[in-house]
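Okay, structure first, notes after.
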Amino acid sequence: MPTQEQLMESLDKIPVPGVMRSLVKMNLVRDISISNHKVGVTLASAALAPPAQEWLKDKIKDVTGKIKGVAEINVSFVDGKPKDLNQISHIIAVMSGKGGVGKSLVASLTAIALKRQGFEVGILDADITGSSIPKMFGITARPAGSDSGILPVSSRSGIEVMSINLLLPSEDDAVIWRGPLIGNTIKQFGEDVLWGKLDYLIIDLPPGTADAPLTVMQSFPISGIIIVFTPQDLTAMVVRKAVKMAQQMGKPILGVVENMSYLYVPEIDKRIELFGKSRGEEMAHTANAPLLGQLPIDPALAKLCDEGSIERYDGEIVDQLGHSLSQTILAKAQ
């Protein structure tokens, strides 16, 4: 007789069409029954178009049929909504009080760092009018799905991504929407997208403290916030605004990241602080949170972002960022 463990192990090897994560990781397996060498597998139909359902039926029968003791396999589907199936351990929002400081870059590098540590990670691009995440990851494919939900698009390394840019006819199209429509879209990205089982969902917020960031804070169970800033005179005021919003919303600040902190010139082995002296420790004190990292101005990183290959970046800051963040989250959980 086959065991539940054997069957789950087999189902964990079957990718969901359109996202290429397994049935188990997408949390679509609802029930497994075993009786007299007959196996029944029940899946949720959320975000699965009829062709995808038929493909999965055939694939499950093919894979599980090879398990010793399996004589007959029945696959069925039940209705399910993505918001009821999603199991996300930590939701981290990346924010700043102003635009142009590199939130999307930090959100992307954070996701990459956590993925390299072996975690299951997704990115929700909530910057509806200024989306840049798909461009940095080189993602152009449109999301698959059905009337019951949408599937995120997987990056080369397996990070799930959802962005309004992936739904537009052209990535250059402007999103000229008023606040309520933007807010509803952000909510849909949380409720109608099948994220499945994730250790971390990174949300790239639009700049400021207005409608869109407020919608995210109110609509998602945020585990913590990362605040991004640059070493300029306006920084202190901007960080204080973001800190006050997080405090008023009751959301913990996991840490701060200083972007464009310095330019390293290898020919003379020197760091040049183009935008003034680093204010990392000062801002960490202002936020009452650790300094997670200081990102340099790196032409190699900029080139990879332009090429859609940010996942190839191997700067040590990525490992440092992931380690600092995971340690901070672990400490807060204890």
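The values are calculated or read from the model by the stated rules, or taken from the named source; none is laboratory data. All values reported here derive from a predicted model rather than from experimental measurement. Reconstructed Cβ throughout: ideal geometry from the backbone, glycine too, with neighbour counts over all protein chains shown.
A few comments on the model shown:
- Residue identified as assigned to a helix (DSSP H, G or I) and not basic (Lys, Arg) among GLN232, GLN188: GLN188
- Check on ALA107, assigned by TED's automatic domain parsing to the domain that holds LEU198 and part of a helix (DSSP H, G or I): yes
- Some residue of segment 253-262 being of a type in the set (Ser, Thr, Tyr) and surrounded by fewer than 15 Cβ atoms within 10 Å (Cβ to Cβ): no
- Some residue of segment 197-216 being assigned to a loop (DSSP other than H, G, I, E, B) and either charged (D, E, K, R) or modelled with pLDDT of 95 or more (or both): no
- Test set (1) within 27 Å of LEU330 (Cβ to Cβ); (2) free of Cβ contacts under 8 Å to residues at least 40 places away in the same chain; (3) among the hydroxyl-bearing types (Ser, Thr, Tyr) - SER76 fails condition number: (1)
- So LEU168, is it in contact with a Lys or Arg (Cβ under 9 Å, 6 or more places away or on another chain), surrounded by fewer than 20 Cβ atoms within 10 Å (Cβ to Cβ), at pLDDT below 95 and in the same structural domain as LYS98 (by TED's automatic domain parsing): no
- Under the condition of being in contact with a Lys or Arg (Cβ under 8 Å, 6 or more places away or on another chain) and under 27 Å from ARG156 (Cβ atoms), the residues counted in segment 265-295 number 0.
- You will find that of LYS38, LYS83, the residue that is without any contact (Cβ under 8 Å) to a residue 60 or more places away in the chain and basic (Lys, Arg) is LYS38 and no other.
- Any hit, segment 302-316, residues being among the hydroxyl-bearing types (Ser, Thr, Tyr), touching a strand residue (DSSP E or B) at 6+ places or on another chain (Cβ under 7 Å) and surrounded by 14 or more Cβ atoms within 10 Å (Cβ to Cβ): no
- When residues of segment 119-141 are limited to those that are out of contact with any strand residue (DSSP E or B) (no Cβ under 8 Å at 6 or more places or on another chain) and farther than 18 Å from PRO207 by Cβ, the one surrounded by the most Cβ atoms within 10 Å (Cβ to Cβ): GLY138
- For segment 185-210, the set of residues classified as within 19 Å of the chain's Cα centre (by Cα) and either among the polar types (S, T, N, Q) or surrounded by fewer than 20 Cβ atoms within 10 Å (Cβ to Cβ) (or both) consists of THR185, LYS187, GLN188, GLU191, ASP192, LYS197, ASP199, listed by residue number.
- Criterion (modelled with pLDDT under 90, assigned by TED's automatic domain parsing to the domain that holds CYS305 and on the phi < 0 side of the Ramachandran plot) met by exactly one of ASP192, ASP173: ASP173
- Near pairs, Cβ below 6 angstrom, 6+ apart or cross-chain, from segment 141-159 (assigned by TED's automatic domain parsing to the domain that holds GLN117) to any residue that is among the polar types (S, T, N, Q) and surrounded by fewer than 20 Cβ atoms within 10 Å (Cβ to Cβ): none
- Test: ARG178 is touching a residue at least 24 places away in the same chain (Cβ under 8 Å), basic (Lys, Arg) and either crowded, with 19+ Cβ neighbours inside 10 Å or not assigned by TED's automatic domain parsing to the domain that holds MET26 (or both): no
- Among the residues of segment 136-185, the ones that are closer than 22 Å to LEU23 by Cα and either not in a loop (DSSP other than H, G, I, E, B) or not acidic (Asp, Glu) (or both) come to 21 in all.
- Once segment 27-69 is narrowed to residues that are assigned to a strand (DSSP E or B) and not β-branched (Val, Ile, Thr), the residue that is farthest from VAL16 (Cα to Cα) is SER35.
- Residue count for segment 1-37 under the criterion of being among the β-branched types (Val, Ile, Thr) and on the phi > 0 side of the Ramachandran plot: the result is 0.
- Segment 252-311, residues that are in contact (Cβ under 8 Å) with a residue 60 or more places away in the chain and among the hydroxyl-bearing types (Ser, Thr, Tyr): SER309
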